[in-house]
Amino acid sequence: QVQLVESGGGLVQAGGSLRLSCAASGSIFSIGAMGWYRQAPGKQRELVAAVTSIGSTNYGDSVKGRFTISRDNAKNTVYLQMNSLKPEDTSVYYCNAAIRDNWYSGARHYWGQGTQVTVSS
């Protein structure tokens with residue numbers, strides 16, 4: 001089975017930095033777009049950043065200029081470098097990836113379990 005495992009969450013002070021990682025494993029033929037989403041209590045899940053298989057990126061307006069998404073295709077891993085963190089960045093961050101487990105099948109979206117990021121004032 002395909003699994004996404006996230007790491008790197010934690011508690012940081014405002015203005016600090018944190019780097020999240022998400023590694024895909026299991027039955028994988030190919031991975032398309034990968035991304036990071038976040039969901040704070042009482043709010044809808046929102047796109048933080050996404051990156052295509054060839055490196056094109058897209059960012060949510062609130063994180064542009066502060067966050068950077070990247071991927072290592074050889075490691076089936078996507079990263080989120082978060083700089084200049086603000087208290088409003090506090091949320092559970094989820095990894096997402098579009099994965100094909102066979103050449104003949106379409107991609108399915110998989111989600112990580114979520115990792116807590118807390119930014120203190």
**OP:** Take GLY65 and decide whether it is open to solvent by 20 Å² or more (accessible area, probe 1.4 Å), among the small types (Gly, Ala, Ser), modelled with pLDDT of 95 or more and farther than 18 Å from SER21 by Cα.
**Re:** yes
Original post:
Of the residues that make up the stretch 41-62, is at least one touching a strand residue (DSSP E or B) at 6+ places or on another chain (Cβ under 9 Å), aromatic (Phe, Trp, Tyr), farther than 25 Å from GLN1 by Cβ and modelled with pLDDT of 95 or more?
Top reply: yes
Original post:
From the residues in the stretch 1-58 that are aromatic (Phe, Trp, Tyr) and under 17 Å from TYR93 (Cα atoms), which one is surrounded by the fewest Cβ atoms within 10 Å (Cβ to Cβ)?
Top reply: TYR37
Subject >> Single match in SER105, SER121 (criterion: more than 10 Å from the chain's Cα centre (by Cα), open to solvent by less than 50 Å² (accessible area, probe 1.4 Å), among the polar types (S, T, N, Q) and at pLDDT below 95) >> reply: SER105
**OP:** Take the stretch 65-114 and flag every residue that is farther than 19 Å from LYS43 by Cβ and either in contact with an Asp or Glu (Cβ under 6 Å, 6 or more places away or on another chain) or basic (Lys, Arg) (or both).
**Re:** ARG71, LYS75, ARG100, ARG108
**OP:** Counting only residues that are among the hydrophobic types (A, V, I, L, M, F, W, C) and without any contact (Cβ under 8 Å) to a residue 40 or more places away in the chain, give me the strands (runs of 3 or more DSSP E) lying completely in the stretch 17-91 with at least 2 of them.
**Re:** 46-51, 67-72
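The values are calculated or read from the model by the stated rules, or taken from the named source; none is laboratory data. None of these values were measured; they are calculated from a predicted model. Quick reminder, even Gly has a Cβ in these numbers, built from the backbone with ideal geometry, and neighbours come from all protein chains shown. The accessibility values were calculated without ligands, DNA or RNA, using every heavy atom of the protein model including side chains. Shrake-Rupley method; radii C 1.70, N 1.55, O 1.52, S 1.80 Å.
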